[in-house]
Each structure stands twice: as structure tokens, then as C-alpha cells.
1. What are the residue pairs meeting all of these: first residue in the stretch 144-161, first residue open to solvent by 20 Å² or more (accessible area, probe 1.4 Å), second residue of a type in the set (Phe, Trp, Tyr) and not in a loop (DSSP other than H, G, I, E, B), Cβ atoms under 9 Å, and 6 or more apart or on different chains?
2. With (1) within 16 Å of the ligand (Cβ to nearest atom); (2) open to solvent by 60 Å² or more (accessible area, probe 1.4 Å); (3) part of a helix (DSSP H, G or I) as the list, and residue 415 as the residue in question, which single condition is left unmet?
3. For residue 225, state whether it is under 26 Å from residue 92 (Cα atoms) and of a type in the set (Asp, Glu).
4. Tally time: how many residues in the stretch 13-64 are of a type in the set (Ser, Thr, Tyr) and open to solvent by less than 40 Å² (accessible area, probe 1.4 Å)?
5. Any residue at all in the stretch 199-218 that is open to solvent by less than 10 Å² (accessible area, probe 1.4 Å), over 30 Å from residue 30 (Cβ atoms) and of a type in the set (Phe, Trp, Tyr)?
6. Can you name the condition, by its number, that residue 430 falls short on among (1) open to solvent by 70 Å² or more (accessible area, probe 1.4 Å); (2) part of a loop (DSSP other than H, G, I, E, B)?
7. Please enumerate the residues belonging to the stretch 167-192 that are within 16 Å of residue 143 (Cα to Cα), open to solvent by 90 Å² or more (accessible area, probe 1.4 Å) and polar (S, T, N, Q).
8. If a residue must be crowded, with 17+ Cβ neighbours inside 10 Å and within 25 Å of residue 366 (Cα to Cα), how many such residues does the stretch 65-76 contain?
Amino acid sequence: MDQHPKAHAAAAAGFLADQQRADWHDETLWFVRSKRDKAAQQLPEWEALRTQASAIKEHTLSRLEQYLTGFEEKALANGVQVHWAADAAEHNRIVHSILAKHHVRKLVKSKSMLTEECHLNPYLQQQGIEVVDTDLGERIVQLNQEPPSHIVLPAIHLKKEQVGEIFHQHLGTAAGASDPQYLTAAAREHLRQKFLAADAAITGVNFAIAENGAFVVCTNEGNADLGAHLAKLHIACMGIEKLIPRMEHLGVFLRLLARSATGQPITTYSSHFREPGPGQELHIVIVDNGRSTQLGREDFRNSLKCIRCGACLNTCPVYRRSGGHSYHNAIAGPIGSILAPNLDMRKNADLPFASTLCGSCSDVCPVKIDIHTQLYKWRQVLSKEGYGPAAKKLGMKMMAAVLAKPDRFALSGAVARKFLGWFPKLAVNGKLNPWGRQRELPKVPEQSFREWYRTHYNPKKTNS
Ligand code: SF4
């Protein structure tokens, strides 16, 4: 299997090499998950909200074309310029052409996982445009020249001391300083200059409302507002799945989003954009990039209901202990693992296997995506398509041959009992068996269950 050069298991082993960091990462995300639980428990109607949100998204996806064209019609009537991008490359070309038309050299961007997915930053930087991510966590990872490791908490893999060091190197803060308040003030000062100097602002879109052509961007720092209101040009990039039919549906999602993400009752800023301000231009780039293919996959269609709250990452025992970068995909964690193979099965074939299938992700998902079932289904698809691990494929074939014949099964059992008795360490705890590396083999029985049964329950004796 020609997998990504840094497949999940290997990258996770790298993350786990620093045991202290892995423990801290695990505990921090569990803390966020616990906050989510408390926030959810305070709403008696929580489950009803989840059901409603799921149904609204289900309905929208079933009539996506109708809602997309309706949204475009309203947005155009509002004076917004609408563009359609079939894939990441087209998205990047469109954004660049708008910027080039306006001679933009400096750009501020609020957090957008879609632009991460499309690798917009490096593309624009190659064209000589300065792109500054203005979400604090995003700015930290941008300065550290690495991608976000979490869709809501992009720098969650870094401790405050590491952030202090990054700021010392790039923003000139005092060496060794790690006080969050001091560092935040420095970032604020630095970003304020970038906001004032920017020629254009790019934002993501959390929800686009079909009935009036408006869209909503949720941030905790107000950076999307500041960027979009200061610059003469605002480009909003959205995936086709961001639609909801009506304004009255928005409240359902806003109530679920922040509670699921961080345990807050509401995101600090839910900014509504509908038309360009006086003297401004507003563009919306609507992007497919594999989403319509996913929409056509019946088993995986409802992954497009995702509102990117990050709850499935926070609860996932594998994500918590392997870190976001081990997923080698813009979106990490359980949801990333069902979206990524749709984009490239070969490169991302390892990701659906990066799960215990415990189902905790599905339990917390505010829009009721059956995440763990889809992970399991992807494993079947990938194995059928020939992307499964070669060793596992061979192992399964051998197992099928053994299980097909009772004599072979009995013989292999007898051999295994002898062999394991002689070389338990080699067979169970050796390098070839990662599952056994941290496990002890129970005492190998002297006889098989059948042999034991025959000696203890002789049918002749029992019937007499
Ligand atoms: S799949 Fe569900 S829990 Fe995970 S990020 Fe999306 S909405 Fe949140």
C-alpha cells in the first residue's frame, strides 16, 4: 500500500515518544470534553436540539442544488459577487484573481479550515502576497510554520512555554516569558498592525442562509469582524455543505456549536454578513472539492452535516494520545478520518484505522453523524479497493484458510499452544506484533476447549 509517507501509526509513535506531552494533551482535551458535557447537561432540550439539527442538515443535503442556487440568487441580489470552485486549485485561482484585480499585497485571514484544506496560504505566498492568520492559535502555528492540529484549538499541541519561545523569536517578546496575558497582549499589538495595514480580508463561513443570501462567521476573538470591516475587500470561502435553509434554523446550530466545541453557551462573536459595506466589495467563493462525490456515497453522505465543532476530536482516545498532526490531513481526528479518504483513498487509507471504534465520537456529535460506523465502513471499502495493509490482507487469507477446515483449525491450535509456550516473547511481544508490545500473554492452556470438553463432559456419561 502506497500510503502517506508519515502514516498515522508512525506519526503517533513520534508524538507519544514525549510521554509527558502526550499525557498533558490527553488531559487538556478531556477537560474540554468535560466542559462540553456540563454545558450540554444544562439544557434539558439538548437531545431534541441534536435531533433537529441533524434533520435540518439531512433535509438540506437532500436538496442541496436547490438551496445553493437559491442562496446564490439572493446573494447576487444583495450585491455580493459569487464564484464557484470545483476543487482546491480553482478556489485558489479565483481568490488570487480577485486579489490581483485589487492589487492586494497584504491580507488578513480569520480561521478557515476550508482554506487550510485548499492550501491557500502557500499558494498566495508564492504569488508574493503576505497572508496573516489572525486567530491567535492560527497565528501561533503559522509563526511556527506548521499546520493547525485541531479544527477549533489549532495550537492545542503547544504549551505556553513553547508559545513564549515562538513569540520571543518572531515578535520580540521577553525571553522565557510564558504568562498568557502578556503573550496575548503582544499578539494583540502585533495583529492590530496587520489589520490596519491589510488590503483585503478573507474569512470562512460557518453557516450560509439560503433564504436571504447572508452568512455567519463564528469567532471568539472578533478577528473576522475586524478584518472584514477594516479592509475594502472581503472574500468569504465556503464549502457547499455550509448551507441551512432559513434564518430560524440558525439558533439551533449556534446553541449546539459553542457548547459542543468548548462548553461555552455561545461563541463570543456570531457575525452576520449580508451585503458589502459602503465602498467595499464582498465576494463569496463556493467550493466543492470532493464534497459532491461524498454526497454521492450513500454510506458517507451524512459526514457533510459536520459543523466543525471539534467535539469528536476532544473525546477521541486516539486523537487525544496521538495529536492532530499524526493525521496528515487538514482536518484531524474522527471526522477528518471519514472525510480524507474521499479526497484521496491511497494517501489516507490509514486514517479510518486510527480508531478504537468505541463510538464516543458519534455520542457527542451535535448533528448526530454516525462517525464510528462510517470509520468501520471505510475500512471495508478500502480493503475491497486494495488499500488495506498488505500484512493484514495476508493474515486474513491465512486465517480464512485455517477456519474453513476443522482439522486445520485443531492442528494450528495444537501448534500454537506448543509454539507460544516456547517463544511467548518473540511471538506476542515482538516487533512484528504491535498489539502485543504492551500486553502480556495469559498462560497458554495445555489443551484446546474441545479436548477439555471431551474429558469433562463425556456425552455417554452425561446421558446415562
Ligand atoms: S463530526 Fe460532529 S462532533 Fe465532529 S466536528 Fe463535526 S459536528 Fe463536531
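The values are calculated or read from the model by the stated rules, or taken from the named source; none is laboratory data. Predicted, not measured: the structure shown is a model, and the values here were computed from it. FYI the Cβ positions are ideal-geometry reconstructions off the backbone, even for glycines, and counts take in every protein chain you see. We work out accessible area using only protein heavy atoms, side chains counted, and drop any ligands, DNA or RNA first. Shrake-Rupley method; radii C 1.70, N 1.55, O 1.52, S 1.80 Å.
1. 159/24
2. (1)
3. Working: under 26 Å from residue 92 (Cα atoms): yes; of a type in the set (Asp, Glu): yes.
Considered against the rule, which asks whether it is under 26 Å from residue 92 (Cα atoms) and of a type in the set (Asp, Glu), residue 225 comes out as yes.
4. Quick first cut of the stretch 13-64, residues of a type in the set (Ser, Thr, Tyr) only: 28, 34, 51, 54, 60, 62.
Restricting the remaining residues to those that are open to solvent by less than 40 Å² (accessible area, probe 1.4 Å) gives 28, 34, 54, 60.
Summing the residues that are of a type in the set (Ser, Thr, Tyr) and open to solvent by less than 40 Å² (accessible area, probe 1.4 Å) in the stretch 13-64 gives 4.
5. Yes, the stretch 199-218 contains a residue that is open to solvent by less than 10 Å² (accessible area, probe 1.4 Å), over 30 Å from residue 30 (Cβ atoms) and of a type in the set (Phe, Trp, Tyr).
6. (1)
7. Residue satisfying the conditions is 169 alone.
8. Counting residues in the stretch 65-76 that are crowded, with 17+ Cβ neighbours inside 10 Å and within 25 Å of residue 366 (Cα to Cα) gives 3.
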